[in-house]
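*Asks:* Got a structure here, written out as structure tokens. Questions coming.
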Amino acid sequence: MNTETNKTKLKAFIFDVDGTLSDTERDGHRVAFNQAFEEFGMDWHWSVETYGELLAVTGGKERMKFYLDKFLDKDKIPQGIEEKIPELHAAKTRHYTKLLSSGAIPLRPGVERLIDEARQRGFRLAIATTTTPENVTALLSHTLGEDSINWFEVIAAGDIVPAKKPGPDIYEYALNEMKLSADECIAFEDSENGIKSSTGASLCTIITINDYTKEHDFTDACIVLDQMGEPGQPFSVIAGDASNASYLDCDLVIKLHQQASSR
Ligand code: XBP
Ligand code: MG
């Protein structure tokens, strides 16, 4: 660890996956849900717009139940469909991981660079996500390589906690597994449900928005950016103070964490 890293109380970076590490929702999860519906001979099709509304509920199984309850006329609900949700969801996971293995879904700008720098500087890494564990390992191995799964000492995912985001449970689980307190960590999120979850666990949170989340309420974020950015591909600051930086690196993460801790 270099001296700056030694001075900070910050010990670990905790990343959300969908929307934060990668833009997985529109061209990944949504497509896989539609492929599963087709495989089961159903006439459901989630458009880009409808899927945006469905993202109000996290978790694929929970999202299908929400669709049944809130989007369909009662007389259009196929017989026995609710019982079929786990099976449908398993098919969706199969389609989704296949899509990832084709390399169709890259990481967002700056993600690989920040993770590499964090590792070099001795920060501990974890994942806190709502998505199925297989989806996380598939995304990591097809973007950062098979070994990258081991860079994250905790992969807190899916049904490991019963209450998904916006509940704080998944972040609390990760903190507990790492035996770290919230003020020793920082979270990376992209959505309102995500930041409710991370700040619910008292974590300082950096937001990178995407098309589905740009109108969300990020009042409690320590900074809101359009992306992490790269040298030569600057981020835009939507809210907060980036101290003249043009991309998110560990020094800026440390600074944001210190500012939040002194508030
Ligand atoms: C991610 C989700 C997930 C994925 C689908 O939210 O809401 O439900 O859309 O994954 P977050 P599964 O980024 O806030 O964790 O189908 O595997 O549940
Ligand atoms: Mg997310």
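*Asks:* What do you reckon, how do Glu83, Glu134 stack up by accessible area (1.4 Å probe), largest on top? Could the numbers behind the result be given before it?
*Replies:* Numbers: Glu83 140, Glu134 110 Å².
Listed by decreasing accessible area, they come as Glu83, Glu134.
*Asks:* Using Cα pairs closer than 8 Å and at least 6 residues apart in sequence, work out the relative contact order for segment 20-121, in percent. Before the final figure, lay out each step's value.
*Replies:* Values: 66 pairs, mean separation 46.3, N = 102.
So the answer I get is 45 percent.
*Asks:* Additional query: Name the residue, out of Ile170, Ile238, Ile195, whose mean-square fluctuation peaks in a Gaussian network model built on the chain with Cα pairs under 10 Å.
*Replies:* It is Ile238.
*Asks:* Taking 1 over the mean of 1/r across every pair of different Cα atoms in segment 106-162, what Kirkwood radius in Å do you get? Before the final figure, lay out the partial values.
*Replies:* Details: mean 1/r = 0.0838 Å⁻¹.
Result for segment 106-162 stands at 11.9 Å.
*Asks:* Along each of its three principal axes, how wide is the spread of alpha-carbon positions in segment 130-246, in whole angstrom units, largest first?
*Replies:* 37, 32, 28
*Asks:* Past the 28 Å Cα-Cα mark, which pairs from Lys11/Lys92; Lys84/Lys179; Lys61/Lys196; Lys164/Lys214? Don't jump to the answer; show the numbers that get you there.
*Replies:* Values: Lys11/Lys92 36 Å; Lys84/Lys179 38 Å; Lys61/Lys196 20 Å; Lys164/Lys214 21 Å.
Pairs exceeding 28 Å: Lys11/Lys92; Lys84/Lys179.
*Asks:* Hey, what did the chain get for relative contact order, percent, Cα under 8 Å, at least 6 apart? List each step's numbers first, then the result.
*Replies:* Numbers: 424 pairs, mean separation 56.3, N = 263.
Result for the chain is 21 percent.
*Asks:* Stick to the Cα atoms of the chain, pair each with every other, and give me the Kirkwood hydrodynamic radius in Å at one decimal. Walk me through the numbers before you get to the answer.
*Replies:* Numbers: mean 1/r = 0.0528 Å⁻¹.
Mean inverse Cα-Cα distance, inverted, gives 19.0 Å.
*Asks:* Determine the dipole magnitude for the chain: charges of +1 sit on the beta-carbon of Lys and Arg, -1 on that of Asp and Glu, nothing else is charged, the reference point is the Cα centre, and the result goes in debye to the nearest 20. Write down the numbers at each step before the final one.
*Replies:* Numbers: 27 positive and 43 negative charges, 92 e Å.
Dipole of the chain, to the nearest 20 debye: 440 debye.
*Asks:* I've got another one for you. What does the accessible area per residue of the chain come to in Å², with a 1.4 Å probe and no ligands, DNA or RNA counted?
*Replies:* Values: 12080 Å² over 263 residues.
So the chain comes to 46 Å² accessible per residue, rounded to a whole number.
*Asks:* How high is the FRET efficiency between Arg94 and Asp73 when r is their beta carbon distance and R₀ equals 45 Å, given to the nearest 0.05?
*Replies:* Numbers: r = 30 Å, r/R0 = 0.66.
Given R0 = 45 Å and the Cβ-Cβ separation, E is 0.95.
*Asks:* Restricting to Cα pairs below 8 Å that are 6+ residues apart, what does the relative contact order work out to for segment 101-216? Please round to a whole percent. Walk me through the numbers before you get to the answer.
*Replies:* Details: 148 pairs, mean separation 23.1, N = 116.
Once normalised by length, the contact order is 20 percent.
*Asks:* Lys/Arg Cβ at +1, Asp/Glu Cβ at -1, dipole of segment 216-263 taken about the Cα centre: which of Gly232, Ser261, Cys222 is farthest positive-ward?
*Replies:* Positive-most Cα among the choices belongs to Ser261.
*Asks:* Along the charge dipole of segment 8-126, pointing to its positive end and built from +1/-1 on Cβ of Lys, Arg, Asp and Glu, which listed residue (Leu125, Phe33, Gly19) has its Cα farthest out?
*Replies:* The residue sitting most towards the positive pole is Leu125.
*Asks:* May I pose another question? In terms of the ratio Rg/(2.2 N^0.38 Å) built on C-alpha atoms, what value belongs to segment 1-128? Numbers along the way, then the final one.
*Replies:* Numbers: Rg = 19.0 Å, N = 128, 2.2 N^0.38 = 13.9 Å.
Against the empirical 2.2 N^0.38 Å value, I get 1.37 for segment 1-128.
*Asks:* If you average the alpha carbon positions of segment 171-186 and of segment 189-224, how far apart do those two centres end up, in angstrom?
*Replies:* 17
*Asks:* What is the Å³ per residue value for the convex hull set by the Cα atoms of segment 126-189?
*Replies:* Convex hull volume per residue, Cα atoms: 84 Å³.
*Asks:* Now, a different point. Using Cα-only point scatterers and the Debye equation, what is log10 of I(q)/I(0) for segment 10-78 at each q in 0.16, 0.17, 0.19, 0.22 Å⁻¹, rounded to two decimals?
*Replies:* Each listed q maps to, in turn, -0.60, -0.66, -0.80, -1.02.
*Asks:* Also, I was wondering about something else. For every helix of n ≥ 4 consecutive DSSP H residues, a contribution of -39,500 (n - 2.57) applies; sum these over the chain, divide by its total residues, and give [θ] at 222 nm rounded to the nearest 500 deg cm²/dmol. Display every interim value, and only then the final one.
*Replies:* Working: 10 runs with 106 residues, N = 263.
Rounded to the nearest 500, it is -12000 deg cm²/dmol.
The values are calculated or read from the model by the stated rules, or taken from the named source; none is laboratory data. Everything numeric here is computed off the predicted structure, so don't read it as measured data. Virtual Cβ from ideal backbone geometry, glycine too; neighbours counted across all protein chains shown. The area values use the complete protein model at the heavy-atom level, side chains included, leaving out ligands, DNA and RNA. Shrake-Rupley method; radii C 1.70, N 1.55, O 1.52, S 1.80 Å.
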